[in-house]
Amino acid sequence: MRMKKIGIVSALIFVVIIVGIFLISRKEKGNDEKLKVGFVSIGHLNDNSWSESHCEGMETCKKESDIEVIYKEAVPCNADSVNVMEELIDQGCKVIFCNSYEYGPWELEVAAIHPDIFFFHATGTETADNLSTYFGRIYQVRYLSGIVAGLQTTTNEIGYVAAFNISEVNRGINAFTMGVRLVNPDATVHVEWCGSWTDDNMAAAATNKLIESHNIDVLTMHTDSLAPLEVAEKNKIWSIGYNTDNSSLFPDTYLTAPVWEWEYFYKQRIEECKYNQFTGKHYWEGMETGVVSLAPFTDNVKPEISAIVENEKKRIETGTYDVFYGPIRDNKGNLRIKDGESMTDDEMLNAFDWFVEGVKICE
């Protein structure tokens, strides 16, 4: 009788094991199915700038995470983008990425219609249960590039071509200027708005206006267009790029650039979607994660600059310092951040409507 009970128990254990193996293998098989990801881009994927940085990161994920990616490039930031996202969903995409702030209202609209699809909005600020926003603390790297500009200039007049007067852009202008003024309190950063992320003619016109109006000898920009770098090269003005390292295109004037490295971030988010671990939240990661970095210095950079920048870089990465620590005054002399205080993330993301000492907005 006892042997019979043991036999029954053994048989039950065997059945449980077999069922467990079946369920696990079934689950793994489901997770191994190729995930379709849709990517909506404001620019062209070979722009040597913002859109290409995302494409490179996504292509690395495609190899490592066994996903299929469907790209839609140069998509207008208007209601037409809704149709593009709907088309991607019809093609079987379970995850949608949009890489410009201006897609915000339209992406939120589509996300509300499709609660079973995961959405990501680059540079956005408004989340939902199935929509996350994401960006990197590129202002940290702009601060470091400002140190390069402040030490490289001899005229103490630095040019900054900027797309729009919004918190994202203003944050970068201010961080860059604080880096400049850390090492060169006499320098001024002249800002010219170009009114577009991607339009080459508008960016070139803004750049030419800067160099015609001021004795600019170092230039940087917050646009996706490379026109400011082209104008700088033509006029033999030192340049600091953005988004990707374009030193090979402008060998005579290029210094460095704040750049994006999206691979690690995208891989993490896609893996979370594959295993239903998505959380609608705001991601804003710094230099310590590797999502943002400073491109290698070219031979055009003065040799003594490297050590100074490296010291500031270590302070930021270790968390002992961040850029917007007080005391900080605006360019009208008002104390904005008191000594011992710092800006909150919400203030930096949504309420940067002022400029630090040393910034001059061109009329």
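The values are calculated or read from the model by the stated rules, or taken from the named source; none is laboratory data. All figures in this text were calculated on a predicted structure; none of them were measured in a lab. Reconstructed Cβ throughout: ideal geometry from the backbone, glycine too, with neighbour counts over all protein chains shown. Keep in mind that these areas ignore ligands, DNA and RNA; they rest on the heavy atoms of the full protein, side chains included. Shrake-Rupley method; radii C 1.70, N 1.55, O 1.52, S 1.80 Å.
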Sequence-distant residues sharing a close amide H with D47 (under 5 Å, placed H): E52
Per residue Cα convex hull volume in Å³ - calculated over the stretch 126-218: 98 Å³
Computed FRET value (nearest 0.05) for A351 with N201, which takes r as the C-beta separation and R₀ as 41 Å: 0.80
Theoretical FRET efficiency, 1/(1+(r/R0)^6), r = Cβ-Cβ of D129 and W193, R0 45 Å, to 0.05: 0.80
MRE, 222 nm, helices only [DSSP H, n ≥ 4, -39500 (n - 2.57), over the chain, to nearest 500]: -13500 deg cm²/dmol
5 angstrom amide H check on I96, placed H, neighbours 5+ away: G38, F118, F119, F120
Using θ = phi - 60° and Karplus 6.51 cos²θ - 1.76 cosθ + 1.60, couplings along the stretch 306-314 (whole Hz; Gly, Pro as x): 4, 5, 5, 5, 4, 5, 5, 4, 5
Listed candidates (1) 5, 23, 29, 21, 11, 5, 3, 2, 1, 0, 0; (2) 5, 21, 26, 15, 6, 7, 8, 7, 4, 1, 0; (3) 5, 21, 25, 17, 14, 10, 5, 2, 0 - label of the one calculated as P(r) over Cα pairs in 10 Å bins from 0, in percent: (1)
Fluctuation leader among A187, A206, A128 - the chain, Gaussian network, Cα springs under 10 angstrom: A128
Of K62/K281; K72/K314; K234/K360; K94/K281; K236/K360, those spanning more than 27 Å from alpha-carbon to alpha-carbon: K72/K314
Among K274, K72, K63, residue whose mean-square fluctuation peaks in a GNM of the chain (springs only between Cα atoms under 10 Å): K63
Neighbourhood net charge (11 Å Cβ-Cβ; Lys/Arg +1, Asp/Glu -1) for A257: 0
Length released on extending from Y321 to T155, taking residue separation times 0.36 nm less the Cα-Cα span: 56.8 nm
Hypothetical label at N215: residues of the stretch 232-259 whose amide nitrogen lies under 18 Å (7 Å Cα-Cβ projection): 236-238
Efficiency of FRET from Cβ geometry, K234 and K63, R₀ 51 Å, rounded to 0.05: 0.85
Candidate aspartates and glutamates for bridging to K267, where Cα separation is under 19 Å - those fewer than 8 sequence places away on the same chain excluded: E28, D32, E33, E52, E56, E59, E64, D66, E68, E285, E288
Built amide H within the under 5 Å cut-off of T256, gap 5+: G241
Spherically averaged projected area in nm², based on the convex hull that wraps the Cα atoms of the stretch 223-363: 11.8 nm²
Calculated from backbone phi, Karplus (6.51, -1.76, 1.60) coupling profile of the stretch 94-100 in Hz, x at Gly/Pro: 9, 9, 10, 10, 10, 10, 9
Accessible carbon and sulfur surface of the chain relative to its total accessible area, %, 1.4 Å: 51 percent
Per residue value of the accessible surface for the chain (all protein chains in place, 1.4 Å probe), Å²: 46 Å²
Gaussian network model of the chain, springs between alpha carbon atoms under 10 Å - residue of H190, H214, H282 with greatest fluctuation: H214
Pairwise label distance in nanometres, C362 with K302, each label 7 Å out on the Cα-Cβ vector: 2.4 nm
Per-peptide average of other Cβ atoms within 10 Å, ordering 293-306, 46-59 highest first: 46-59, 293-306
Angle between the chain longest axis and helix 50-65 axis [Cα atoms, degrees, rounded to 10]: 20 degrees
Rounded to whole Hz, the Karplus (6.51, -1.76, 1.60) HN-Hα couplings of the stretch 115-130, x for glycine and proline: x, 8, 9, 8, 10, 10, 10, 5, 6, x, 10, 10, 9, 8, 4, 10
Cα centroid of the stretch 91-166 to Cα centroid of the stretch 293-315, whole Å: 25 Å
